[in-house]
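Read through the structure below, which is laid out as structure tokens, and then see the notes.
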Amino acid sequence: MRKVAGLCLAMCSSPALGSCSRDESVAVSAPKAALSQPASSVRSALVEAPVSTLSAKELLAPVNALRAGGVGCDGRPTRLLPALKWDERLTSVAEAHARDMVQRGYFNHESPDGTSPRDRARKAGIKGPLEESLAWGPRDAADVLEAWRLSRSHCNTLLRSTASAMGATQAIDRKDKRVWVALVGLSQVDLQREIP
């Protein structure tokens, strides 16, 4: 397990499989006292009501700056990447998952009832590949983005050449604990409703 100061991270990439297995998830935990406690402590810290959610649209500009910077995740020069578009439907799916994690006290791509990011997107009428990144703990978008940038799998998601859209949110409980969820739609994502 890799350490990144200040937060817990998880990443899921499921463009073809439709669900996330433990092998596809990357968990990064922080050394801070509150985050170095057992998972049950994280779970109990998250289970607080009421839950409020806020759009994390402030992530879009710095993500696009990162994509336009010409520097890859490994620090080597790379081609400039097109800007991601903000997508409210991806944000709505992210918001529902963030709220569910806080209300039910878990931190995972897969919900306790087995629902995957792909399942949640399909239910919202979004088809095509996407990737989901999670973070628990950071108080602002700059900290989340920095942690994701330092995590190879999260950075690769943000700098994927096929990425075309992004939606993100944070859920906040009454004790100000925060869960961040970002969904990145890849170029094959059809943001129109599926035709039955």
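No lab work stands behind these numbers, since they all come straight from the coordinates. Because the structure is a prediction, the values reported are computed rather than measured.
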Phi to ³J(HN,Hα) by Karplus 6.51 cos²θ - 1.76 cosθ + 1.60 over segment 73-79, Hz, x for Gly, Pro: 4, 8, x, 7, x, 9, 5
Along principal axes, Cα extents of segment 99-155, largest first, whole Å: 31, 27, 16
Theoretical gain in end-to-end length, Arg174 to Lys85 [0.36 nm per residue, Cα-Cα removed]: 28.9 nm
Listed pairs Lys57/Lys127; Lys127/Lys175; Lys85/Lys175 exceeding 26 Å between Cα atoms: Lys127/Lys175; Lys85/Lys175
Per principal axis, descending, Cα span of segment 86-187 in whole Å: 38, 31, 21
Estimated vicinal HN-Hα couplings, Hz - segment 111-125 in sequence order (Karplus 6.51, -1.76, 1.60; Gly, Pro = x): 6, x, 8, x, 6, 9, x, 4, 4, 5, 5, 4, 4, 7, x
Sequence-distant residues sharing a close amide H with Arg178 (under 5 Å, placed H): Gly137
Lys85 long-range amide H proximity, modeled H, under 5 Å: Ala165, Met166
